Amino acid sequence: MINRILSNIKSRGIASPSIILVVSSVVGQGVTMSALPLITRLYSPEDFGTLAIYAAVLTLLLSFSSLKYELAVTIPSSDSEAAGLVLGACLILVSTCLTCLVIVIGLDISSVNLLAGISNKYLYMIPIGLFGAGLYQLMTYWQIRKHGFFLIGKTRLVQSLSMVGCQVGMGFLTGGAMGLLVGDTVGRSAGGLQMAKGFFLQNKTDYRQNWRRIYIVLRRYVDFPKFSTWSTFASSLGMQMPT
């Protein structure tokens, strides 16, 4: 169905990048909005409050997930250098998620409730969601570089369908805030692994780059972590602050 929608746009000769992305976003939002009446009956206001806290924390952490190196992926003149950036950013993303997991385990063991209104058991979803959302964010910039707008549009539709499907399914089966968190995590992550697989297949030689080459590329674009990371964090923090 998803392929058919986007293929029809493509076959009509109107498949400009902007139209593909707009149509996929509109259809995806339509799917989400149409499911809201059902989802609001499956979950309580407290469950949605937990989801709001989880989403706010995840949004803030995404500012540091790959230190905004994804913004530089479209800049290098050679695909080899850009692939090195992606690989370096992937390593940073994995390190960030592992650090986050260690912190969550420490909070759970010490029984410290860092986030009022959200149980420590839900915190384990944060590193998982951070990895999925960070990977999707990173691979989206690679696809922009490769003009893979059709794939980006497809994954946006998949994200909406996956999120709604998980939240409705778990709402009927188990209920509780975990269903909303799992659905949100799956929705943010959907498509990231598919794009990552395509990246590694396209760069079979480049992903074997040695550590020194990756380090050199990361140093070349070090201004992105220096400036974009903190400006993005400040902007996200301003949007998440209570009014």
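Within the stretch 39-75, track down each residue that is free of Cβ contacts under 8 Å to residues at least 24 places away in the same chain and in a loop (DSSP other than H, G, I, E, B).
Once the filter is applied, which keeps residues that are free of Cβ contacts under 8 Å to residues at least 24 places away in the same chain and in a loop (DSSP other than H, G, I, E, B), the stretch 39-75 yields only S44.
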- Task: Being modelled with pLDDT of 75 or more and surrounded by 14 or more Cβ atoms within 10 Å (Cβ to Cβ) is the filter here, so list the residues in the stretch 104-118 that pass it.
- Result: V104, I105, L107, D108
- Task: Inspect all residues belonging to the stretch 165-185 and state whether any of them is modelled with pLDDT under 90, touching a Leu at 6+ places or on another chain (Cβ under 7 Å) and assigned to a helix (DSSP H, G or I).
- Result: no
- Looking at the stretch 5-24, is at least one residue modelled with pLDDT of 90 or more and of a type in the set (D, E, K, R)? no
- Run down S66, S80, S44 and say which single residue is crowded, with 20+ Cβ neighbours inside 10 Å and either out of contact with any Phe, Trp or Tyr (no Cβ under 9 Å at 6 or more places or on another chain) or at pLDDT 95 or above (or both). S66
- Single residue of T185, T155 found to be among the hydroxyl-bearing types (S, T, Y), within 18 Å of L36 (Cα to Cα) and surrounded by 20 or more Cβ atoms within 10 Å (Cβ to Cβ): T185
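The values are calculated or read from the model by the stated rules, or taken from the named source; none is laboratory data. Since the model is a prediction, treat every value here as computed from it, not as a measurement. So basically every Cβ, Gly included, is an ideal-geometry build from the backbone, and we count neighbours across all protein chains shown.
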